[in-house]
């Protein structure tokens with residue numbers, strides 16, 4: 001009975017809320033992680049399958065249709081050069097999501113390696129690596145991205161690498177803490193005493209023990225990467241025109257929106273928001289499940 | 001306690017030293033180097049070599065590294081070739097604007113987070129708690145640059161209630177409300193995701209506190225909900241919040257870069273953006289360094305605040 | 001039994017269940033009992049038998065989603081269930097105190113002991129800061145924390161387990177309540193300290209004429225210090241009676257099994273008896289008697305009808321009680 005939770009409400013109030021209980025329960029049934037995963041799948045479908053269903057060239061210039069509002073011909077309107085916004089949104093989504101994905105993958109691997117090295121190595125290595133990490137963590141990721149993007153012009157692969165390489169400290173810290181915790185668990189100590197070699201222990205026990213948490217944080221990392229890449233492109237430092245990207249579309253649209261072309265910012269902005277929201281919901285939902293609570 | 005303080009202070013100093021080293025090697029490892037950015041990509045190798053010699057970039061690494069430290073120690077952050085001014089003096093006014101914006105944002109975000117978090121924790125299983133939870137995940141998924149452009153579109157362009165950006169210039173001088181009118185939109189934009197993130201964390205903290213026995217015990221002693229919330233739960237839940245506020249400093253700068261750029265607000269973030277576009281190395285480096293140091297200081301402040309708030313640390 | 005004082009707490013037909021499914025079988029079902037002033041009643045039962053829920057229901061502090069479905073709770077002349085939340089709050093801590101199992105978690109770690117006692121006193125009685133301070137000092141001395149009483153502000157983590165529990169009792173007694181409910185007050189403590197805390201409770205009961213409800217899973221402990229014992233099984237009272245009689249001749253098979261599971265104090269006993277199986281969860285209550293699936297005396301009618309509690313002594317709820325020699 002020690003886990004009884006306190007409620008400050010009298011019974012009367014519980015009764016008053018009785019009816020309202022039905023809809024949050026419905027929302028909970030379709031819990032956050034499924035909504036998030038569904039949303040992400042829908043976005044991926046939009047970006048990769050969309051172009052086959054809507055075969056329009058995002059680079060083609062329609063000189064007679066400059067800045068036309070969404071209509072039957074251009075579902076999401078055209079930009080200042082008369083290019084089809086919907087088609088560009090699909091192309092831009094491919095670039096944005098793909099780079100963000102690969103950047104997360106790079107960050108994940110780098111962070112795991114660094115964190116586990118710190119956690120498994122001798123104490124002085126741990127202290128050194130963690131101190132270095134602290135210093136690195138002191139510079140916000142986006143600031144680092146801006147710094148490097150400014151001093152070297154980057155292509156898509158370069159961007160993914162840059163993003164991945166500046167974003168791993170969070171994962172590294174997590175991996176290190178989890179490794180240290182796992183190292184002290186009885187079954188891991190037992191395995192070591194039986195003479196299992198370090199690599200085997202790291203792989204079979206420690207990595208597996210922290211995998212759920214790592215997966216959750218990888219989804220948050222992906223959300224951060226989408227935000228970072230879009231932010232960078234919005235600042236004119238990421239994916240360069242004429243290549244479309246969601247952040248870049250927002251960048252070129254921002255000035256024109258003020259004079260009435262609202263569709264130039266609303267749709268790319270919504271796309272970025274939905275992609276980040278999807279990853280955050282997926283992560284939150286999984287995290288809540290890991291912690292054994294209902295999400296919401 | 002004094003030992004603990006000294007250790008934290010030492011740790012912070014070490015972090016700063018590592019940071020300075022890190023930034024040095026980041027520049028050192030840069031392909032091309034600063035000379036190209038000053039002279040342009042198509043500069044002749046001879047001109048580049050000459051400039052490198054002039055800036056001392058042909059010396060061995062360790063010598064450059066020492067020079068770097070000596071310049072920093074004198075407060076010499078270099079000379080901006082694009083702004084034609086020493087970086088240190090350049091940064092001053094921008095830093096002032098950023099600190100003004102960030103303090104307004106921090107106060108607003110923390111205030112909102114405490115109120116929302118308490119409500120969320122206290123009504124964790126009911127409608128208010130769920131609504132706040134839904135708002136939070138939306139709030140911190142919204143990119144500031146998107147919110148910023150929409151906000152300008154609606155409040156500045158369409159409704160024309162508030163200026164779309166900047167800080168007003170000469171026309172605004174003397175008008176008592178002017179700086180606040182210019183601050184309103186960027187501050188609201190920047191505060192939104194911060195308040196969402198902070199209140200989510202704080203709300204979980206509060207919810208966990210409400211599950212503690214001492215809350216049931218306090219209720220069993222006849223204390224009312226308000227007294228329990230403000231007299232008991234708030235303080236215990238606020239302890240980790242101090243750490244989080246320290247960790248908020250980087251997010252302030254990240255959001256700040258984007259927000260200041262959207263609103264053309266002449267702060268540090270805006271300067272960082274401009275100098276990145278113009279490849280103004282000395283300014284870029286100085287800002288990165290400054291932001292890093294401010295972050296370390298923010299964490300240190302949070303640590304100290306923690307020590308003050310936690311009776312267990314204080315008395316042991 | 002004969003020199004019984006005024007009835008302090010009278011609970012009648014208390015039924016507690018899930019708010020969302022009022023039709024489901026209750027977590028505490030039709031529970032009735034009385035505690036007189038100066039008397040100690042022990043609730044004995046396994047975890048999940050509804051002991052703590054009963055305490056929460058008396059205080060009107062049931063967890064979210066759990067509700068009192070029926071029954072009355074009378075404290076002296078006041079019907080607590082008829083009070084508004086505000087009026088009930090004024091009674092908590094003033095007329096009735098609650099002591100928790102783990103004083104480390106039940107005391108706020110960032111407020112001093114003194115502040116927590118004084119706060120309770122101040123909320124109910126008002127008065128000056130000085131009066132609250134005096135009161136706090138007297139209470140701490142009374143529960144045996146003379147050093148803390150005269151010393152500086154003390155935080156819960158600075159005290160040992162036993163001292164903490166004394167402090168917890170002091171907070172519960174801040175406003176001289178007439179009823180004290182102690183929920184497993186000694187479970188988290190070691191044996192020597194346990195005895196000291198029980199002595200303290202006995203002394204307070206005698207000196208103040210306090211009605212005490214002791215909630216415990218430890219029959220031996222209940223038998224050693226309570227006047228009367230009430231055994232709960234899966235949310236229902238199965239037997240109630242004076243401690244001495246109860247220990248000598250338990251009637252209900254569950255009570256008897258509990259008693260037989262205790263190691264004897266003297267001599268080399270035989271193998272201890274055990275009760276096979278597990279108590280049913282609230283979702284899986286059997287038809288008829290809730291103990292039937294584990295009962296050695298079980299017969300067919302046990303699985304059909306739920307036995308009612310006898311109205312006269314000896315009070316138990318069983319169709320086929322143990323009547324033979326113990």
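The values are calculated or read from the model by the stated rules, or taken from the named source; none is laboratory data. This one's a predicted model, so the numbers in the text were calculated from it and none came from an experiment. No Cβ is skipped: glycine too gets one built from the backbone with ideal geometry, and neighbour counts run over all protein chains shown.
The figures follow:
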| item | result |
| --- | --- |
| Every residue from the range B:245-287 that is more than 9 Å from chain A (Cβ to nearest Cβ) and at positive phi | B:264 |
| Residue satisfying condition, being under 14 Å from residue A:111 (Cβ atoms) and surrounded by fewer than 23 Cβ atoms within 10 Å (Cβ to Cβ), within set A:165, A:180, A:154 | A:165 |
| Subset of the range C:171-187 [out of contact with any strand residue (DSSP E or B) (no Cβ under 7 Å at 6 or more places or on another chain) and either within 10 Å of chain B (Cβ to nearest Cβ) or modelled with pLDDT of 90 or more (or both)] | C:171, C:174, C:175 |
| Wholly within the range A:125-187, helices (runs of 4 or more DSSP H) carrying at least 1 residues that are closer than 21 Å to residue A:243 by Cβ and touching a helix residue (DSSP H, G or I) at 6+ places or on another chain (Cβ under 7 Å) | A:141-151, A:156-166 |
| Selection within the range C:276-302 - loosely packed, with under 14 Cβ neighbours inside 10 Å, modelled with pLDDT of 80 or more and assigned to a helix (DSSP H, G or I) | C:300, C:301 |
| Any pair with Cβ under 8 angstrom, 6 or more apart, that starts in the range A:210-221 at a residue that is closer than 13 Å to residue A:168 by Cβ and ends at one that is outside any helix (DSSP H, G or I) | A:221/A:167 |
| Single unsatisfied condition, residue B:279 versus (1) under 25 Å from the mean Cα position of the chain (by Cα); (2) free of Cβ contacts under 8 Å to residues at least 24 places away in the same chain; (3) over 24 Å from residue B:105 (Cβ atoms) | (2) |
| Residue check for residue C:84: surrounded by fewer than 17 Cβ atoms within 10 Å (Cβ to Cβ) and without any contact (Cβ under 8 Å) to a residue 12 or more places away in the chain | yes |
| Only listed residue being more than 26 Å from residue A:288 (Cβ to Cβ) and buried (at least 19 other Cβ atoms within 10 Å of the Cβ), chosen from B:307, B:295 | B:295 |
| Qualifying residue in the range B:189-196 (condition: modelled with pLDDT of 85 or more and in contact with a strand residue (DSSP E or B) (Cβ under 6 Å, 6 or more places away or on another chain)) | no |
| Failed item in (1) in contact (Cβ under 8 Å) with a residue 40 or more places away in the chain; (2) buried (at least 24 other Cβ atoms within 10 Å of the Cβ); (3) in a helix (DSSP H, G or I), with residue A:207 passing the rest | (2) |
| Condition broken by residue C:52, with the remaining ones in (1) in contact (Cβ under 8 Å) with a residue 40 or more places away in the chain; (2) more than 10 Å from chain A (Cβ to nearest Cβ); (3) closer than 27 Å to residue B:126 by Cα satisfied | (2) |
| Some residue of the range A:224-238 being more than 11 Å from the chain's Cα centre (by Cα), surrounded by fewer than 24 Cβ atoms within 10 Å (Cβ to Cβ), under 18 Å from residue A:149 (Cα atoms) and more than 10 Å from chain B (Cβ to nearest Cβ) | no |
| Residue that is at pLDDT 75 or above and within 14 Å of another protein chain (Cβ to nearest Cβ), where the choices are B:15, B:37 | B:15 |
| Among the candidates B:124, B:134, B:108, residue that is assigned to a helix (DSSP H, G or I) and buried (at least 16 other Cβ atoms within 10 Å of the Cβ) | B:108 |
| Sole exception among (1) more than 7 Å from every other protein chain (Cβ to nearest Cβ); (2) in contact (Cβ under 8 Å) with a residue 40 or more places away in the chain for residue B:231, by number | (2) |
| Candidates C:66, C:143, C:123, filtered to the one that is within 14 Å of chain B (Cβ to nearest Cβ), under 20 Å from residue C:215 (Cβ atoms) and surrounded by 17 or more Cβ atoms within 10 Å (Cβ to Cβ) | C:66 |
| Unmet requirement for residue C:79, which otherwise passes all of (1) more than 11 Å from chain B (Cβ to nearest Cβ); (2) crowded, with 23+ Cβ neighbours inside 10 Å | (2) |
| Residue tally, condition at the interface with chain B (Cβ under 9 Å from one of its Cβ atoms) and without any contact (Cβ under 8 Å) to a residue 12 or more places away in the chain, over the range A:261-294 | 4 |
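For every residue, the table says whether it meets (1) in a loop (DSSP other than H, G, I, E, B); (2) at pLDDT 85 or above; (3) within 11 Å of another protein chain (Cβ to nearest Cβ); (4) touching a helix residue (DSSP H, G or I) at 6+ places or on another chain (Cβ under 7 Å).
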{"residue": "A:25", "(1), (2), (3), (4)": "no, no, yes, no"}
{"residue": "A:45", "(1), (2), (3), (4)": "no, yes, no, no"}
{"residue": "A:52", "(1), (2), (3), (4)": "no, no, no, no"}
{"residue": "A:59", "(1), (2), (3), (4)": "yes, no, no, no"}
{"residue": "A:69", "(1), (2), (3), (4)": "yes, no, no, yes"}
{"residue": "A:73", "(1), (2), (3), (4)": "yes, no, no, no"}
{"residue": "A:82", "(1), (2), (3), (4)": "yes, no, no, no"}
{"residue": "A:88", "(1), (2), (3), (4)": "no, no, no, yes"}
{"residue": "A:106", "(1), (2), (3), (4)": "no, yes, no, yes"}
